[in-house]
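The values are calculated or read from the model by the stated rules, or taken from the named source; none is laboratory data. This structure is a prediction, so every number in the text was calculated from the model and none was measured. In this analysis, Cβ positions are derived from the backbone assuming ideal geometry, glycine residues included, and neighbour counts consider all displayed protein chains.
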Amino acid sequence: MELFDSHVHYEDAQFKEDRDERLEYLRNTDVKYILNCCSDVEVFDTVMEIVDKYDFAYGSIGIHPHWTEETPADYLEKVRELAKHPKIVAIGEMGLDYFWNEPKDLQKRIFKEQLELAKELDMPVIIHDREAHEDVIEILEEYRPKGVIHRYSGPVDILQRAFDIGMYVSFNNDLTYPEWNAAPIACLMVTPWDRLLIETDCPYAAPYERKDDRCEADDVKTVVQMIAELRGVSEEFVAQKSMENALRVYEINK
Ligand SMILES: [Zn+2]
């Protein structure tokens, strides 16, 4: 089986001590590709090092809504420059996060600036939406980007509106948590096979049975198991569809 973990954070400080060891380890697993997502200016260099060093690693560059207050005024120029790298295949992650306290106006401005840049560069985006579903979809409907809504767990009708403008969705190990998997499962059940991606969001969001641990890209296999079980298909089918979709949306020619 060959898997594409479409959302990982190996640039995260939790991998500071053993980043190379853990990335090398992936060569012994079913994980064939990763997309290392980016959250703030501080980690731009680390993301670029990862994509330069590992043949199986692609990346994105952008500003997560949680880091908007720290973002320097010239950030967009840096994103534009780094996005020229052939292994940077998306802008993000970007979006709105109303769980934390960053000012909403600032979050919206930085979200929209990145959407405009992605349009200009003709690149897909990776969307983060936490407790901001209605505002996120309204902005997406206005800009109509191509790309992926990651780790989505909002209402099904809003996800449907994202499909209507051509977007993809990625599911992670939230599917394994009995306390809160009702929303992601409802979304999974309506997701067309040609719009589904898989991810871990590692080091965050380990599978339920190891919920306090750091997780790794290899933990995407429990996401595949859950999707196969819930949708009544083989794991191989889920692996294949999510691989095809990730290669298509990130425009990776293999
Ligand atoms: Zn992320």
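Which residue pairs have Cβ atoms under 7 Å apart, sit 6 or more places apart or on different chains, and have a first residue in region 156-170 that is crowded, with 18+ Cβ neighbours inside 10 Å and a second that is among the polar types (S, T, N, Q)?
Qualifying pairs under 7 Å: Tyr168/Asn245; Val169/Thr191; Ser170/Ser6.
Residues that are closer than 14 Å to Glu216 by Cβ and more than 15 Å from the ligand (Cβ to nearest atom): which helices (runs of 4 or more DSSP H) entirely in region 1-106 hold 1 or more of them?
Because the criterion is at least 1 residues that are closer than 14 Å to Glu216 by Cβ and more than 15 Å from the ligand (Cβ to nearest atom), the helices (runs of 4 or more DSSP H) in region 1-106 that meet it are 19-25.
Can Ile61 be described as under 20 Å from Ile110 (Cβ atoms), of a type in the set (Val, Ile, Thr) and buried (at least 17 other Cβ atoms within 10 Å of the Cβ)? Before the answer, list the steps.
Values: under 20 Å from Ile110 (Cβ atoms): yes; of a type in the set (Val, Ile, Thr): yes; buried (at least 17 other Cβ atoms within 10 Å of the Cβ): yes.
Against the criterion (under 20 Å from Ile110 (Cβ atoms), of a type in the set (Val, Ile, Thr) and buried (at least 17 other Cβ atoms within 10 Å of the Cβ)), Ile61 qualifies.
I need every pair where a residue in region 116-133 that is under 10 Å from Ala90 (Cα atoms) has its Cβ under 6 Å from the Cβ of a residue that is of a type in the set (Asp, Glu), sequence separation at least 6 or different chains.
Ile126/Glu93
Go through the residues of region 225-234 one by one and say whether even a single one is over 18 Å from Pro184 (Cβ atoms) and at pLDDT 95 or above.
Scanning region 225-234 turns up at least one residue that is over 18 Å from Pro184 (Cβ atoms) and at pLDDT 95 or above.
Based on this model, can you work out whether Ala246 counts as within 16 Å of the ligand (Cβ to nearest atom), outside any helix (DSSP H, G or I) and either touching a residue at least 60 places away in the same chain (Cβ under 8 Å) or among the small types (Gly, Ala, Ser) (or both)?
Taking the combined requirement at face value, the residue does not satisfy it.
With (1) in a helix (DSSP H, G or I); (2) touching a strand residue (DSSP E or B) at 6+ places or on another chain (Cβ under 9 Å); (3) within 16 Å of the ligand (Cβ to nearest atom) as the list, and Val238 as the residue in question, which single condition is left unmet?
That leaves (3) as the condition not met.
Restricting to region 185-209, name every residue that is in a strand (DSSP E or B) and either more than 16 Å from the chain's Cα centre (by Cα) or within 16 Å of the ligand (Cβ to nearest atom) (or both).
Just the residues of region 185-209 that are in a strand (DSSP E or B), to begin with: 196-198, 202.
Listed by number, the residues that qualify are Leu197, Ile198, Cys202.
Given Asp212, Asp219, Asp135, which one is crowded, with 20+ Cβ neighbours inside 10 Å and either under 30 Å from Lys119 (Cβ atoms) or not aromatic (Phe, Trp, Tyr) (or both)?
Values: Asp212 fails: crowded, with 20+ Cβ neighbours inside 10 Å; Asp135 fails: crowded, with 20+ Cβ neighbours inside 10 Å.
Going through Asp212, Asp219, Asp135 in turn, just one is crowded, with 20+ Cβ neighbours inside 10 Å and either under 30 Å from Lys119 (Cβ atoms) or not aromatic (Phe, Trp, Tyr) (or both): Asp219.
Is it the case, given these coordinates, that Asp174 is in a helix (DSSP H, G or I), within 14 Å of the chain's Cα centre (by Cα) and within 16 Å of the ligand (Cβ to nearest atom)?
yes
Could you look through region 119-171, keep only residues that are among the acidic types (Asp, Glu) and within 16 Å of the ligand (Cβ to nearest atom), and pick out the one that is farthest from Cys38 (Cα to Cα)?
So the residue we want is Glu131.
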